[in-house]
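For reference, the structure is listed below as structure tokens.
The values are calculated or read from the model by the stated rules, or taken from the named source; none is laboratory data. The structure displayed is predicted, hence computed values, not measured ones. All Cβ positions, glycine included, derive from the backbone under ideal geometry; neighbour counts span all protein chains shown.
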Amino acid sequence: MPQPQMVTGLPSRMDCALLLVTLMVALTGTVTPQTSSEPCPKRLVGEERRRTCPRPCKADLDCGSKRQCLCDGQCGLSCVAPGRTCPWPLAPREDAVARLLHPTHSFSALLEVRCKPGLTLPSGLDVVIRRCQGDRRWSGDEPICTAVLPEPGSSPPKCPLPKEVTSTFTIEGTATVGTSIRYSCQSGADIVGSAENYCQENQTWQYPHPVCKKVYCKSPGEVPQGYVVAVQKTEYEVGFDIHYLCKKNFHLDGPQKVTCLANGSWSAAPPFCRARCLIPAVRSRVMIDGVKRWPFDITDTMVPHGENVTFFCKHLHKHCSFSVAQSCFDGELRPPACYLEPTWLQFQLFPHRLVSEIETCDAADVETF
């Protein structure tokens, strides 16, 4: 019986199957589910102290549709929801500063916790790295920073304070590493800049030193009948002195110099230029500086401001005199009410009988007067 002849050029069923497999490999690159035989790489140094781990896996197919087979630190390949996040931002701390090393705080993100200057971790380092785990916790324990103790016999490191700072400000604090200081202007002026500064671990200040607001004193103004010995300005710098002089025949009543103080005021109010006083007596001697004198013997018959002039009055019942002092104030000097100016005849004919020339009353007579 003749055998059927094979048709040359037509593929067999096995050839078609092999062709189909080859095409699938070319399109997908694999024909089996994803597996991983490589161990989970080491992510961090140190223990993460995990209490529970997610379900272990070898491929994404082991985890269902909502999880992936990812490396979860010491737990190794585990079924983890990649969108899980860890707490952020963390509560502020006085001893450390935390910052993310990744754009988000999702699974596998790294967190840096750095001790503030002057503090350190028990390991002696000042920084620790924590990882966002599949259980939504940051790896490791909450780090505790403690103060760096200086070596026995050595003084703690400090940040420098220039002389121009210490001469301008009153400093509260010690300026040692890891501590803060506060500034206050010795002049009482306002501070421009930060009133508080922090001494960093590298012995530099966190912020530039502030400055004290510039203070000026306004012009104290002119003094009537006087001169201001100073360059005329609308305002004067702290420490600037102004001197005063009075015109001829005027007496300076008040400070001869005033100084601009750091609080923007002058050390004293401007003085006055006071006028001299004409002695209101002509034919009677008066007492000036303990000496009896005739008014016409005194230059211009005038006394300066503040000078005391003693007048003589006659006792109403006895032939004796008593004295009453009056003071010159800015051009005004009034005789006491008991004083009577002698007449021309009394002055010419009986000069020895003038009140200023007769016997002085006893003290008891004056008290009962």
TODO: Could you run through the range 111-124 and say how many residues are surrounded by fewer than 16 Cβ atoms within 10 Å (Cβ to Cβ) and either in contact with a Ser or Thr (Cβ under 8 Å, 6 or more places away or on another chain) or not small (Gly, Ala, Ser) (or both)?
DONE: 2
- [ ] From the list Val366, Val282, pick out the single residue that is over 30 Å from Gly221 (Cα atoms), out of contact with any Ser or Thr (no Cβ under 8 Å at 6 or more places or on another chain), assigned to a helix (DSSP H, G or I) and at pLDDT below 95.
- [x] Val366
- [ ] Test each condition in (1) crowded, with 17+ Cβ neighbours inside 10 Å; (2) acidic (Asp, Glu); (3) touching a helix residue (DSSP H, G or I) at 6+ places or on another chain (Cβ under 8 Å) for Glu357 and report the one that comes out false.
- [x] (1)
TODO: Six or more apart or on different chains, Cβ under 6 Å: which pairs go from a residue in the range 99-120 that's among the small types (Gly, Ala, Ser) to one that's assigned to a strand (DSSP E or B) and surrounded by fewer than 16 Cβ atoms within 10 Å (Cβ to Cβ)? Could you list them?
DONE: Ser106/Thr85
Open item on the list: Please verify whether Met287 is crowded, with 17+ Cβ neighbours inside 10 Å, within 26 Å of Leu252 (Cα to Cα) and out of contact with any His (no Cβ under 6 Å at 6 or more places or on another chain), treating the condition exactly as stated.
Closed with: no
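Applying the selection to the range 243-270, what residues are of a type in the set (Val, Ile, Thr) and either over 30 Å from Met302 (Cα atoms) or under 28 Å from the mean Cα position of the chain (by Cα) (or both)?
Across the range 243-270, the qualifying residue is only Thr259.
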Open item on the list: Can you tell me how many residues within the range 269-286 are farther than 12 Å from Leu333 by Cα and hydrophobic (A, V, I, L, M, F, W, C)?
Closed with: 5
Task: Within the range 54-70, tally of residues that are more than 58 Å from the chain's Cα centre (by Cα) and either part of a loop (DSSP other than H, G, I, E, B) or surrounded by 14 or more Cβ atoms within 10 Å (Cβ to Cβ) (or both) - done: 10
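Would you say Leu245 is farther than 16 Å from Gly221 by Cβ and either touching a strand residue (DSSP E or B) at 6+ places or on another chain (Cβ under 6 Å) or modelled with pLDDT of 95 or more (or both)?
no
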Open item on the list: Condition check: at pLDDT 85 or above and on the phi > 0 side of the Ramachandran plot. Does Gly76 satisfy that?
Closed with: yes
TODO: Working carefully through the options Gln200, Gln133, find the one that is surrounded by 15 or more Cβ atoms within 10 Å (Cβ to Cβ) and either of a type in the set (D, E, K, R) or farther than 30 Å from Cys75 by Cα (or both).
DONE: Gln200
